[in-house]
Amino acid sequence: MKFEEPIAHQLIQVTKKYLSEFGKIACHIPMERYHYVLLILAEAEELYTQKELAEILQVDKSFMVTMIDYLSAHDFVTREADQHDRRKHLIKLTDKAKKLIPEINLIFKNLNEKAFKNVSKENIGHFFDVLAQMQQNLNTENTHELILDFKKLKHTT
C-alpha cells in the first residue's frame, strides 16, 4: 500500500531551507525572527493594532502578543495607546527598525529570486494562485463549528 504524502511535508521542507538561507544571509541583523512583521508595518499607511496584525498574518492573538513582545524587547517596535480607544494598542516601528527595512526587504527579494531560479513567471503566478486556493479550501471558517455541551457528556447510569 502506498501512503499519501501530506502536502505539508513538502511545504515544511521548503520553509526550513528558505529560513535557513535567510538566517545565513541575515545573521548580522540583530534579530532572530519576525522580520516580515517589520516589512508589513513599514508598508502600512496607518499604524496597525495587534489584532489587525494578527489578522494580516493569520495568527492567533496570543501568538501576536509574543511577536510584539519580542520585537518590543529588542527595540524594533513600540506599543502606543490609540487616542480614540485606550483599549487598543498601535504598533509603531522604531528608528532602529526603520534603518533595517531596506536591507531586510532586499534579502527577501534576493532569496525569492534564488528560490524561483529557472521557474517561469507564469509558473510563479500559478504557484501563488494555487497557494491562495489551498488556503481558501482549508479555511477553517467554512467548516462545521464544534460545540461541546458538557451536560450531555456526563455519564448517566
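The values are calculated or read from the model by the stated rules, or taken from the named source; none is laboratory data. Given the structure is predicted, the values throughout are model-derived calculations rather than measurements. All Cβ positions, glycine included, derive from the backbone under ideal geometry; neighbour counts span all protein chains shown. Keep in mind that these areas ignore ligands, DNA and RNA; they rest on the heavy atoms of the full protein, side chains included. Shrake-Rupley method; radii C 1.70, N 1.55, O 1.52, S 1.80 Å.
Treating r as the C-beta distance of Asn110 and Glu32 and R0 as 22 Å, the FRET efficiency rounds to 0.65. Between Gln83 and Glu4, the contour length at 0.36 nm per residue exceeds the alpha carbon distance by 23.1 nm.
Extension gain, Val119 to Tyr70, is 14.1 nm, computed as 0.36 nm per intervening residue step minus the present C-alpha separation.
May I ask you to give the percent of accessible area on the chain that is carbon plus sulfur, with a probe radius of 1.4 Å? Show your work: numbers first, answer last.
Details: 7030 of 12800 Å².
Carbon plus sulfur share of accessible area: 55 percent.
Two decimals, Cα atoms only, Kirkwood Rh: what is Rg/Rh over the chain? Can you show the working numbers first?
Details: Rg = 20.3 Å, Rh = 19.0 Å.
Rounded to two decimals, Rg over Rh is 1.07.
Taking the charge dipole of region 47-146 about its Cα centre, with +1 at Lys and Arg Cβ atoms and -1 at Asp and Glu Cβ atoms, the residue from Leu90, Phe116, Asn105 reaching farthest to the positive side is Asn105. Calculate the translational D of region 27-74 in whole µm² s⁻¹ from Stokes-Einstein, where the hydrodynamic radius comes from the Kirkwood formula applied to all Cα pairs, the temperature is 25 °C and the viscosity 0.890 mPa s. Taking Rh from Cα pairs, D becomes 218 µm²/s.
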